[in-house]
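Accompanying notes for the structure given below.
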Amino acid sequence: MTTHVFRAGPCAVALETTLLVHGVPASTAPALDAELRAICRAEGAEPALVGVVGGAPTVGMTERELALLLEQGTSVPKANSANLGVLCHWGSHAATTVSATMELAAAAGVRVFSTGGLGGVHKGYGCHLDVSADLGAFTRFPVAVVASGVKSLLDVASTREALESLGVPVIGYRTDAFPSFYTRDSGQSVDARFDDAETLAKYLRAELERTGRGVVVCNPIPEEDELDTALFGAWLEQAEDEAEDAGVSGRGVTPFLLGRLHELSGGKTLEANLVLVRSNVRLGAALAKSMHA
Ligand code: PSU
Ligand code: MN
């Protein structure tokens with residue numbers, strides 16, 4: 001039987017392990033984890049890192065438990081809602097993506113989760129369908145996810161449409177535009193804009209309670225840290241060519257592209273990624289605190 005480990009109080013903010021294990025270089029992860037925990041606490045909230053440790057779905061992982069996953073490197077499986085249960089059954093360590101993190105956060109009663117960018121519809125869906133389980137998770141788990149939109153390496157316009165089709169509320173925090181990770185404006189729009197965290201927290205509390213489903217809270221990357229669209233486009237094109245040559249597919253695509261972008265950009269995409277995650281954790285913590293008050 002799978003035994004859950006829930007160590008999260010009423011003012012917790014869920015954080016995910018896939019971002020730490022597969023989204024940033026291993027050398028960066030422990031410091032980023034420590035920093036995100038500190039940001040939560042500084043806002044008066046409680047960090048709750050989510051992952052699977054030796055088959056136990058865990059909400060509120062310790063630094064030591066994260067180290068166990070990091071020791072295993074990128075061979076740690078990525079868990080979404082589909083393979084989460086099997087990995088627990090096998091007693092494996094696993095890094096949870098947005099969908100699996102939402103699933104476990106919801107089970108532990110955690111209503112706010114901060115990450116970098118959501119997964120979504122990959123490019124080229126006309127001949128090859130690759131849609132992240134992240135999108136469907138919003139129709140099932142009552143968690144508000146603070147993210148800087150969806151990752152720019154996706155088909156952002158189609159992902160926005162898919163959220164619409166699924167009936168997922170997409171809220172802009174101090175923006176009318178749907179952000180795309182490294183840039184603030186994808187050309188798509190949000191359903192509604194809130195400029196004040198306390199008012200947003202009131203809406204979220206009521207909406208999660210009313211629907212039992214999730215909400216996307218879009219917090220764009222700070223203006224001064226936004227990447228140049230043309231430069232990013234060139235790095236992405238090269239990373240995509242390399243992914244194709246290397247035959248990368250399925251769950252390997254996102255980590256491969258992120259990793260190559262970090263290298264090709266001389267660390268610029270990594271720096272932008274870190275900036276926006278910190279900012280999303282800060283907002284998530286403020287929301288969790290207001291929602292609890
Ligand atoms: N945000 C980041 N870096 C990441 C991710 C999010 O800043 O690495 C992860 C999330 O865990 C998300 C996953 O769920 O990428 C999407 O993977 P896929 O495209 O295979 O569904
Ligand atoms: Mn996929």
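The values are calculated or read from the model by the stated rules, or taken from the named source; none is laboratory data. Fair warning: this is a prediction, and the values are worked out from it, not measured in the lab. Note that each Cβ is placed from the backbone with ideal geometry, even for glycine, and that neighbours are counted across all protein chains shown.
Looking at Ala177, Ala133, just one residue is within 16 Å of ligand 2 (Cβ to nearest atom), surrounded by fewer than 21 Cβ atoms within 10 Å (Cβ to Cβ), among the hydrophobic types (A, V, I, L, M, F, W, C) and touching a residue at least 24 places away in the same chain (Cβ under 8 Å), and that residue is Ala133. Just to be sure before I move on: is Leu283 in a loop (DSSP other than H, G, I, E, B), among the hydrophobic types (A, V, I, L, M, F, W, C) and either touching a residue at least 40 places away in the same chain (Cβ under 8 Å) or within 30 Å of Leu200 (Cα to Cα) (or both) in the structure I sent? When the stated conditions are applied, Leu283 does not pass them. The number of residues in the range 278-293 being surrounded by 24 or more Cβ atoms within 10 Å (Cβ to Cβ) and out of contact with any Ser or Thr (no Cβ under 7 Å at 6 or more places or on another chain) comes to 3. Pairing residues of the range 7-32 that are on the phi < 0 side of the Ramachandran plot with residues that are of a type in the set (A, V, I, L, M, F, W, C) and assigned to a loop (DSSP other than H, G, I, E, B), at Cβ distances under 6 Å and at least 6 apart in sequence or on separate chains, gives Ala8/Ala108; Ala8/Val110; Cys11/Ala45; Ala12/Val110; Val13/Ala45; Ala14/Val110; Val21/Val76. A search for C-beta distances below 9 Å between a residue of the range 240-252 that is within 20 Å of Val121 (Cβ to Cβ) and assigned to a helix (DSSP H, G or I) and any residue that is polar (S, T, N, Q) and modelled with pLDDT of 95 or more, counting only pairs 6+ apart in sequence or on different chains, returns Arg251/Asn80; Arg251/Asn83; Arg251/Thr97. The residues listed here are Val150, Val146; of these, the one that is under 28 Å from Pro10 (Cα atoms), crowded, with 24+ Cβ neighbours inside 10 Å and without any contact (Cβ under 8 Å) to a residue 60 or more places away in the chain is Val150. In the range 8-40, what residues are under 20 Å from Val110 (Cα atoms) and within 16 Å of ligand 2 (Cβ to nearest atom)? Hits for the range 8-40 are Glu16, Thr18, Leu19. Annotation: Arg193 fulfils all but one of (1) out of contact with any strand residue (DSSP E or B) (no Cβ under 7 Å at 6 or more places or on another chain); (2) surrounded by fewer than 17 Cβ atoms within 10 Å (Cβ to Cβ); the unmet one is (1).
Residues of the range 196-231 that are in contact with a strand residue (DSSP E or B) (Cβ under 8 Å, 6 or more places away or on another chain) and either under 19 Å from Gly120 (Cα atoms) or β-branched (Val, Ile, Thr) (or both): Gly214, Val215, Val216, Val217, Cys218, Asn219, Pro220, Ile221, Thr229.
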